[in-house]
1. What is the one condition in (1) more than 25 Å from PHE81 (Cβ to Cβ); (2) within 16 Å of ligand 2 (Cβ to nearest atom); (3) not charged (D, E, K, R) that PRO115 does not satisfy?
2. Which condition does LYS89 not pass, out of (1) within 16 Å of ligand 3 (Cβ to nearest atom); (2) modelled with pLDDT under 95, if it passes all the others?
3. Do we have PHE218 as touching a strand residue (DSSP E or B) at 6+ places or on another chain (Cβ under 6 Å), over 26 Å from LEU122 (Cβ atoms) and not in a loop (DSSP other than H, G, I, E, B) here?
4. List, please: which pairs have Cβ atoms under 7 Å, are six or more places apart or on different chains, and start with a residue in region 132-146 that is closer than 8 Å to LEU222 by Cβ and end with one that is hydrophobic (A, V, I, L, M, F, W, C) and part of a strand (DSSP E or B)?
5. Filter region 131-164 for residues that are within 16 Å of ligand 2 (Cβ to nearest atom), surrounded by fewer than 23 Cβ atoms within 10 Å (Cβ to Cβ) and basic (Lys, Arg) and give the result.
6. Scanning region 199-229 for residues that are within 13 Å of ligand 2 (Cβ to nearest atom) and under 19 Å from GLU73 (Cβ atoms), which turns out surrounded by the most Cβ atoms within 10 Å (Cβ to Cβ)?
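The values are calculated or read from the model by the stated rules, or taken from the named source; none is laboratory data. What you are looking at is a predicted structure, and each value in this text was computed from that prediction instead of being measured. Neighbour counts are summed over all protein chains in view; Cβ atoms, including those assigned to glycine, are modelled from backbone coordinates with ideal geometry.
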Amino acid sequence: MFLRFQIRAFLIGLAITAGPSAQSRAVEVYREDFNAEVGTNFPEWTSSEITYQNAATPPGSGTLPPAPVAISESPQGGRRFLGEFGGPKIGTAADPGYNRTAVVQTIRLTLGDLPPHQALRLSFDLYVLKSWDGDSPQYGPDRLRLSVSNGPTLLDASFSNNHKVEREGSYQDFPKPRSLPQTEARSTDTLGYDFFGDAIYHFEFDFPHDKPHLELDFTSNLFEGKGTNDESWGIDNVVIETVGTQR
Ligand SMILES: [Ca+2]
Ligand SMILES: [Ca+2]
Ligand SMILES: [Ca+2]
């Protein structure tokens, strides 16, 4: 919360120093709706290696190569988006540590040659798919963090599609701690994922940034390790504009 306040304070300061004679003009620098053919990939979108961690062996801990980053389509409604992310199934059901593996994957957007600017505005849709468990002590935490490389963290929260909050403690901490599953989702269960459903969240962030080069990191940290058939996520409708560029 403090960070968000800082970002807002920065932007207010910017508006004051710019003054009425130097009007801000938003310039769109990136827009992608991922509505091209399923399987299309994009040079600006890449995956990190996937790391996993388990106190028991097998599966233990390890690193897997980066996963493909490409367009998928929802089973219902024909929505195309970038995904699904979250990492593959780790180990087998016979493992002593099965079901207790934390899996981390970062999807990075890299842009260069941005026009002069002092701040950027990012908007996008986050698809939270299948059995995310929020802060469940048994099946979570299931978290997503969005951060600017060498810059602020814009989002760092758990999300849940698991409505069994009484039994499994599967609250989410977006927008605040102990929120019910899918709080503030723009739509729920519209995409046809039968296993615990789906939720689409819309986000918009302004943040200070003045370099010609931008890296945005979307990082999931999901607990269970049963793969994207069990818990996954995606990104859609990404728009980035400059804020505070002077004419
Ligand atoms: Ca789309
Ligand atoms: Ca789950
Ligand atoms: Ca989980």
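1. (2)
2. Exception for LYS89: condition (2).
3. So PHE218 does not fit the description; no.
4. ASP142/LEU222; ASP142/PHE223; ARG143/ALA157
5. LYS164
6. Checking each candidate, the answer is THR228.
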